Amino acid sequence: MYTFDQILADINKKIYKPIYYLMGEESYFIDEITTKIEKSVLPEEERSFNQTVVYGKDIELGDLLNTARRFPMMSNYNVVIVREAQNIKGIEGASADEVDPLLLYAENPLKSTILVINLKGKSLDKRKKLYKLLDKNAVLFESKRIYENKVGEWIIGKLKQAGYTIDIKAAELMASHLGNDLSKVSKELEKLLVVIPKGGHVTLKEVEENIGISKDFNVFELQKALGNRDVYRANLIINHMGQNPKTKSIIPMIAILYTFFAKILMVHSANDKSKTGLASLLGVSPFYVLDYMQAARIYNIKRCVAIIGYLREYDTKAKGIDTPAVDDMELMRELIYKILHI
C-alpha cells in the first residue's frame with residue numbers, strides 16, 4: 001500500500017504505474033493525486049488526443065477497459081481518469097465464481113496506459129483477489145480521514161509546503177471551526193492566502209477576518225473565559241456556538257482545552273515561576289503567560305486533574321465510543337458546566 005507522499009514523489013520523478021486505484025473516505029488526497037497526474041504526465045498539446053476523463057455514471061466497465069487498452073497517438077502515454085468510479089458496476093472486483101474484467105486487465109495492463117480509478121467513500125475488500133493483485137503490481141492507495149485533533153498540524157504543514165507560516169493558535173482555531181473535511185479546509189486556505197503576501201505569516205487576526213470566524217465567540221475566547229472562571233461569558237460563547245450552523249465537531253475544541261489545562265498543571269509543578277521561565281516551559285509567548293498564571297490561581301492541581309478527566313471522558317463521548325449519539329453542543333454545555341462548577 002502506497003502513501004500519499006510516496007505517490008506524489010514518484011510522479012514528480014516521472015515514475016508512473018499502469019494503474020492507480022485510489023479509494024477511501026477522504027476525497028482530498030484522492031483529488032490531489034488525480035489532479036497531479038492529470039496536469040503533469042502529458043504536455044497540454046497532447047491531452048486532447050491522449051487523455052480521457054470520465055465519470056463513473058457515464059461509462060460501463062467494459063468501455064473503460066477498452067479505452068485503457070488504446071495505444072497513445074504520438075505520445076508515450078494514454079492517460080485514462082475515471083472519477084466517481086464507485087458508480088461503475090464491477091469496479092470493486094467480482095465474486096469468486098464470476099469473471100472479473102478489471103482483474104484480467106490488472107494482470108496484464110498496457111504499459112503505455114496510466115489508468116486512474118477514483119473510488120470515493122468506499123474501499124476494496126482486502127479478501128478479494130483484485131485487492132491483492134493491485135497491492136502487489138499497481139498503486140493502491142487508501143485515503144483515510146485524519147483525526148480531528150490533527151487538523152491543526154496538517155494546516156501548519158500544508159502552509160509550510162507552500163512557503164508560509166502560521167501561528168499555532170490560528171491553525172487550531174481554523175481546525176476547530178472547519179472540522180476535518182480537508183477539501184473544505186484547503187479551499188479556505190486558498191482564500192486566505194489571497195490576502196497574505198507570498199512567504200508571509202498568518203496570524204489569528206487574518207484567520208478571524210477572512211474565514212468568517214467570530215473574534216468574540218471562538219474556542220480561544222472560551223478558553224480565556226474558563227481561565228478567569230467567568231461563568232456568564234463562557235455560557236454566552238457556548239450558546240453562540242450552538243446557534244451557529246458552521247460549528248462542526250467539538251473534538252478539536254476539547255483538544256485545545258485539554259492542552260490549556262495540561263499547561264496549567266505545568267505551571268503548578270514549575271520550579272522557575274518567573275514569566276520568562278514559564279514562557280520557556282509552556283512553549284508560549286511571554287504575552288500569554290499571565291493567562292496561565294491567572295488560571296493556576298483559580299484551578300489548583302486537584303481541580304486540573306479532575307478537569308482533564310472530564311475532557312477525556314467527553315472526547316470519548318463525542319467520538320461515539322461506547323455511548324449513544326448525543327448532539328455535540330449539548331455535550332459541550334455539560335462539559336463546560338462541570339469545568340466551571342467543580
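Our note on the geometry: Cα centres of segment 174-245 and segment 111-144, 38 Å apart. Estimated from helices alone, the mean residue ellipticity of the chain at 222 nm is -16500 deg cm²/dmol (sum of -39500 (n - 2.57) over DSSP H runs with n ≥ 4, per residue). Here, P(r) means the percent of Cα pairs in each 5 Å bin from 0 to the largest distance; for segment 4-143 it is 2, 10, 21, 25, 23, 13, 5, 1, 0.
Each label was represented as a point 7 Å from its Cα along the Cα-to-Cβ direction; for ASP322 and LYS302 these points are 2.7 nm apart. Helices of the chain meeting both criteria, an alpha-carbon length of 20 angstrom or more along the long axis and an average Kyte-Doolittle score not below 1.0, with helices taken as full DSSP H segments, are 251-269.
Relative contact order for the chain using alpha-carbon pairs under 8 Å, separation at least 6, rounded to a whole percent?
Values: 462 pairs, mean separation 51.4, N = 342.
That works out to 15 percent.
Sorting the segments 79-89, 191-201 by their mean number of nearby beta carbons within 10 angstrom, highest to lowest, gives 79-89, 191-201. The alpha carbon radius of gyration of the chain, expressed as a multiple of 2.2 N^0.38 Å, is 1.24.
Quick check: Cα centre of segment 1-41 to Cα centre of segment 277-322, how many Å? The distance from the Cα centre of segment 1-41 to that of segment 277-322 comes to 40 Å. Rg and Dmax of segment 19-93, both derived from C-alpha coordinates alone, stand at 12.6, 37 Å. Put simply, the amide H of VAL80, placed in the peptide plane, has neighbours under 5 Å in THR52, ILE114, LEU115, VAL116, leaving out anything fewer than 5 places away on its chain. Panel order for PHE71, PHE29, PHE49, by other beta carbons found within 10 Å of each beta carbon, from fewest to most: PHE71, PHE49, PHE29. Placing +1 on the Cβ of every Lys and Arg and -1 on the Cβ of every Asp and Glu, with nothing else charged, gives the chain a dipole about its Cα centre of roughly 860 debye.
Every number in this text was worked out from the coordinates using simple rules, so none of it is lab data. These numbers were taken from a predicted model, which means no experiment stands behind them. When we count neighbours, we look across all protein chains shown, and the Cβ atoms used for this are built from the backbone with ideal geometry, even at glycine.
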